[in-house]
Amino acid sequence: MNKIINTLHENEFETFVTHGSFDIVARREHLFLIKTLMNVDALDESHATDLQTISYFLSAYPFVISQRNNREHLNDAVVYSRFELPVMTPQLFKTMLEDEDIIVTYSSKGRHTQEINTFSLREKRKELDLTLEELAQQAGISKKAMYEIEKRRVNPKKETVRKLERILSAELSLPYEMKHTQAVYRNPRNHFQKSVSMEFSRIGIDNSSVHSSPFEIVGKESFSLITSLSIVPSEAKNELNEIKQLSNIFSSKSVLISKRSYKESVEGVPIISEQELNQIKDSKELSKIIDERI
């Protein structure tokens with residue numbers, strides 16, 4: 001973890017260390033949520049799903065940084081996948097931060113593939129007056145596989161890319177591109193979480209429960225929001241201090257929803273009672289109340 005944090009600082013990222021589904025938050029022009037594991041096979045599905053959910057609602061890029069799996073050390077030139085999250089070594093992560101044009105191989109379900117410029121592929125094929133079938137034969141693959149590659153429905157194997165580049169006398173490999181996660185929603189773990197989530201939805205805030213992070217609900221509308229749920233806010237000062245720091249680096253709003261009325265904020269986190277939340281009409285009113293109580 002220290003090695004990764006040093007790499008981030010060398011590249012002028014602001015960082016914050018936390019716990020749960022991600023260990024490091026980093027921000028420069030982009031927001032990263034990073035889970036660190038010596039062995040990537042130790043990543044459980046619940047943490048992975050939370051990391052996807054939080055990354056989606058905060059428009060963050062998730063990364064799992066690891067050294068090995070149960071069988072071998074990971075390759076410094078390969079981006080692996082576990083639970084649809086990108087997995088890479090500390091060295092590859094460092095290279096990715098320092099070189100925007102880095103070419104990587106993707107490993108998923110035993111296949112090693114590369115992303116290519118399919119527009120260049122199609123144009124060069126036509127320029128050389130090659131049909132899909134003719135190019136496929138020269139590359140040693142089926143016409144159907146060639147069609148799927150050109151339509152960008154599948155990525156070709158690394159060996160196929162090399163053959164295509166040689167046949168077409170063109171560079172086809174695309175540099176690594178960070179990708180946002182798709183929307184992932186988690187079911188509430190208890191009645192209170194479900195009740196608050198439903199109230200956020202009622203006032204127009206798209207949101208999801210979270211199972212393993214310092215906060216319990218994450219959402220977004222015209223602003224992003226992280227929410228803690230507590231019956232006795234005064235007993236959650238350490239948690240709320242961490243949430244406040246996270247909201248600062250996330251550039252999001254934070255709020256604690258309490259079972260009963262309490263003073264307006266604890267550790268800089270505004271508090272809204274469950275009863276008060278039920279009376280809020282829309283997300284603009286919620287945003288205004290949060291801003292007034294900071």
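The values are calculated or read from the model by the stated rules, or taken from the named source; none is laboratory data. Remember, it's a predicted structure, so these values are computed and weren't measured experimentally. Using ideal geometry, Cβ is built from the backbone for each residue, glycine included, and neighbour counts are taken over all protein chains shown.
Kindly indicate whether any position in segment 274-285 is without any contact (Cβ under 8 Å) to a residue 60 or more places away in the chain and surrounded by 17 or more Cβ atoms within 10 Å (Cβ to Cβ).
No, segment 274-285 has no match at all.
Results for (1) within 26 Å of the chain's Cα centre (by Cα); (2) under 18 Å from Phe16 (Cα atoms), shown as yes or no for each residue.
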{"site": "Ile205", "(1), (2)": "yes, no"}
{"site": "Ser213", "(1), (2)": "yes, yes"}
{"site": "Ser222", "(1), (2)": "yes, no"}
{"site": "Lys244", "(1), (2)": "yes, yes"}
{"site": "Asn248", "(1), (2)": "yes, yes"}
{"site": "Lys253", "(1), (2)": "yes, yes"}
{"site": "Ser265", "(1), (2)": "no, no"}
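What is the number of the single condition among (1) assigned to a helix (DSSP H, G or I); (2) closer than 25 Å to Thr49 by Cα; (3) polar (S, T, N, Q); (4) in contact with a Lys or Arg (Cβ under 9 Å, 6 or more places away or on another chain) that Ser222 does not meet?
(1)
Restricting attention to segment 194-203, and to residues there that are of a type in the set (A, V, I, L, M, F, W, C) and surrounded by fewer than 21 Cβ atoms within 10 Å (Cβ to Cβ), which single residue is nearest to the chain's Cα centre (by Cα)? Give the steps one after another, and end with the answer.
Step one: list which residues in segment 194-203 are of a type in the set (A, V, I, L, M, F, W, C), which gives 196, 198, 200, 203.
From the residues that got through so far, the ones that are surrounded by fewer than 21 Cβ atoms within 10 Å (Cβ to Cβ) too are 198, 203.
Details: Met198: 24, Ile203: 26 Å.
Ranking the candidates gives Met198 first.
When the residues of segment 93-124 are narrowed to those that are of a type in the set (Asp, Glu) and in a loop (DSSP other than H, G, I, E, B), which ends up surrounded by the most Cβ atoms within 10 Å (Cβ to Cβ)? Can you show your working first?
Going residue by residue through segment 93-124, those that are of a type in the set (Asp, Glu) are 98-101, 115, 123.
Then keep just the ones that are in a loop (DSSP other than H, G, I, E, B); that gives 99-101, 115.
On the way: Asp99: 11, Glu100: 9, Asp101: 7, Glu115: 19.
The extreme case among them is Glu115.
From the list Leu135, Leu51, exactly one residue is closer than 23 Å to Glu14 by Cβ, in contact (Cβ under 8 Å) with a residue 24 or more places away in the chain and either aromatic (Phe, Trp, Tyr) or touching a Leu at 6+ places or on another chain (Cβ under 8 Å) (or both). Which is it? Let's see the steps before the verdict.
Working: Leu135 fails: closer than 23 Å to Glu14 by Cβ.
None of the others qualify; the one that does is Leu51.
Among the residues of segment 37-57, is there at least one that is of a type in the set (A, V, I, L, M) and in a strand (DSSP E or B)?
The initial filter retains those residues of segment 37-57 that are of a type in the set (A, V, I, L, M), namely 37-38, 40, 42-43, 48, 51, 54.
Now drop any that are not in a strand (DSSP E or B), which leaves 37-38.
Yes, there is a match, as at least one residue in segment 37-57 is of a type in the set (A, V, I, L, M) and in a strand (DSSP E or B).
Taking into account only those residues within segment 241-273 that are farther than 28 Å from Glu29 by Cα and touching a residue at least 60 places away in the same chain (Cβ under 8 Å), which is surrounded by the most Cβ atoms within 10 Å (Cβ to Cβ)?
If we take residues in segment 241-273 being farther than 28 Å from Glu29 by Cα and touching a residue at least 60 places away in the same chain (Cβ under 8 Å), then Ile257 is surrounded by the most Cβ atoms within 10 Å (Cβ to Cβ).
Kindly indicate the residue of segment 185-208 that is touching a residue at least 24 places away in the same chain (Cβ under 8 Å) and polar (S, T, N, Q) and also farthest from Ser254 (Cα to Cα) among those meeting that condition.
Per the criteria, the residue is Ser195.
Residues of segment 196-214 being under 18 Å from Val269 (Cβ atoms), in a loop (DSSP other than H, G, I, E, B) and at pLDDT 95 or above, which ones?
Those that are under 18 Å from Val269 (Cβ atoms), in a loop (DSSP other than H, G, I, E, B) and at pLDDT 95 or above: Ile205, Val210.
Residues of segment 158-196 being within 17 Å of Gln52 (Cβ to Cβ) and of a type in the set (Gly, Ala, Ser), which ones?
Ala183
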